[in-house]
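Trainee: Take this structure first; my questions come after.
Read-outs throughout are calculated quantities, based only on the coordinates presented, and are distinct from any laboratory measurement. Please read these numbers as outputs of a predicted model, since none were measured by experiment. Don't worry about glycine lacking a Cβ; one is built from the backbone with ideal geometry, like all the others, and counts go over all protein chains shown.
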Amino acid sequence: MRPFKAVISGGHLTPAIALIENLEKRGFSLFYFGRKFAMEGSQSASFERNYARKYRLQFIEIDSGKFPRYFTWYYFLSLFKIFSGFCRCFLYLLKIRPDIIVSFGGFLSFPLSLAGKILGIPVVIHEQTRVFGLSNRTIGKIADKICLSYNPTLKVPSHLKTTVTGIPLRRSILTPVKYFVPGNKEKPLIYITGGSQGSQSINLFLLKVIPLFLKKYRIIHAVGQSQSESVFQKIKSFKNTLPLNIKEDYTIEKSVEPDKVGSILRQADLVISRSGANTVAELCFFRKKTILIPLPWSAESEQRENGLFLVKTGLAKILDQNKLTLSLLKEAIEEMMILPYEPKKSDVKLIFDPRAENLVSEIETYLIR
């Protein structure tokens, strides 16, 4: 009997990796449909493309447009790119003939799921955020099953077929490799990250304040995969201007290897971060005190909603990026550093479940031959 074939796609790679790791153990033949570049107009390879190369995953490059939220000149170009992406997905699916499609949201998911539905391929979608996203609301009308991370998830139409499976976490998070952050171990460690893509706003703001914080803390700073080389070099040059006695306490990474993230989170005394769904899930898993700076223009205010979940557990404080100042950040760091954390009853067993097996079980119901 030939192995089952699964096509995986979506804007959130982290839970996709957890699923890929689990399906590989079960002998699946896997194909990842993803972007060539990290962002439109960028020449940096996308995170999913780099992952596929590293782990020898079969990668299919797909370009598509985003759903226009407003009528502008970009409207027709976007519709054309969606149609082009649909045609490309349709042809590849005809060639591959997968047994199932699993989508993790994002603009590429629509043309792929539509092509799959027309070809009679079961479509399972997974929503990572606390707010049901626009892409998934659209795809949800044709999907065979919708898997949710949170109970409740906001803005889910009642007629859709849903089940709560949680956010699957990567093996490297659950069982991380040993990695020790350099610097003076007597100083508390702050991990700063804007997520896998990074945040230019946070990065440039921090250049003004990091010398002050290095007097008391060690810092590891993940700049982000999609940040331009000029931004990364600017931060590296900035580090070279620091006095020798604090320079060793400032570690810069353009993109932290997935194998290292779990180890860094275990060591960190405090995390300063965006509040993407997968970041929040990992912070919850490690019970890390966190200062969250949600992306102000995230769709449906999903990052703020993700962050509010973490605040309710007693783990986090939210700062508004548009009102962020040195004094506010300094006050928040000092407050969180001395705050004793005692898990609330709601936090003993978190709302989400980190096991990929829950999602795999839903997938397997469509694979009975």
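Trainee: Once you charge only the Cβ atoms, +1 for Lys and Arg and -1 for Asp and Glu, what is the size of the charge dipole of the chain about its Cα centre, to the nearest 20 debye?
Mentor: Details: 53 positive and 31 negative charges, 73 e Å.
Dipole size: approximately 340 debye.
Trainee: What FRET efficiency would be calculated for the residue pair Arg56, Leu77, taking the C-beta separation as r and a Förster radius of 45 Å, to the nearest 0.05? It would help to have the intermediate numbers written out before the result.
Mentor: Details: r = 35 Å, r/R0 = 0.77.
That pair, Arg56 with Leu77, gives E of 0.85.
Trainee: So, one more: Could you tell me which of Ala6, Ala332, Ile293 has its Cα farthest along the dipole of the chain towards the positive end, charges placed at Cβ (Lys, Arg +1; Asp, Glu -1), taken about the Cα centre?
Mentor: Of the listed residues, the answer is Ala6.
Trainee: Neighbouring Cβ atoms within 10 Å as the yardstick, rank Tyr366, Tyr150 fewest first. Working shown, then result.
Mentor: Details: Tyr366 16, Tyr150 25.
So the residues, fewest neighbours to most, are Tyr366, Tyr150.
Trainee: Ranked highest first by the average count of other Cβ atoms within 10 Å around their residues, in what order do 309-317, 108-116, 87-95 fall?
Mentor: The densest-packed peptide leads the list: 108-116, 309-317, 87-95.
Trainee: Hey, another quick one. Quick one: Ser301, Ser230, fewest Cβ neighbours within 10 Å first, how do they rank? Display every interim value, and only then the final one.
Mentor: Details: Ser301 17, Ser230 8.
Ordered from fewest to most neighbouring Cβ atoms within 10 Å, Ser301, Ser230 come out as Ser230, Ser301.
Trainee: For a test of the definition: using alpha carbon positions, the gyration tensor, and the 1.5 limit on a/c, classify the range 174-348 as rounded, prolate or oblate.
Mentor: Values: a/c = 1.42, a/b = 1.26, b/c = 1.12.
Verdict is rounded for the range 174-348.
Trainee: Taking K and R as +1 and D and E as -1, what net charge do the other residues with C-beta under 10 Å from the C-beta of Ala143 add up to? Could you put the intermediate results ahead of the total?
Mentor: Working: positive: Lys117, Lys141, Lys145, Lys161; negative: Asp144.
Its environment carries a net charge of +3.
Trainee: Further, regarding this structure: Determine, for His12, His159, His126, the number of other Cβ atoms within 10 Å of each Cβ, and report the residues in order from fewest to most. Don't skip to the end; give the middle numbers.
Mentor: Working: His12 22, His159 8, His126 27.
Going from sparsest to densest Cβ surroundings: His159, His12, His126.
Trainee: Can you give the calculated 222 nm mean residue ellipticity of the chain, where each DSSP H run of n ≥ 4 adds -39,500 (n - 2.57) and the sum is split over every residue, rounded to the nearest 500 deg cm²/dmol?
Mentor: Details: 15 runs with 150 residues, N = 369.
The helix-only estimate for the chain comes to -12000 deg cm²/dmol at 222 nm.
Trainee: Each residue of the range 124-138 in turn: what ³J(HN,Hα) in whole Hz from Karplus with 6.51, -1.76, 1.60 and θ = phi - 60°, glycine and Pro shown as x?
Mentor: Using θ = phi - 60°, the values come out as 10, 10, 10, 9, 8, 8, 7, 10, 4, x, 4, 4, 6, 5, 6 Hz.
Trainee: Convert each backbone phi in the range 163-170 into a coupling constant with the Karplus relation 6.51 cos²θ - 1.76 cosθ + 1.60 (shift: θ = phi - 60°), then list the ³J(HN,Hα) values in order as whole Hz, x for Gly and Pro.
Mentor: Karplus values, whole Hz, x for Gly and Pro: 8, 9, 10, x, 9, x, 9, 5.
Trainee: Of the listed values (i) 21.5, 70; (ii) 20.9, 66; (iii) 28.2, 112, identify the label whose number matches Rg and Dmax of the Cα atoms in Å calculated from this model.
Mentor: (ii)
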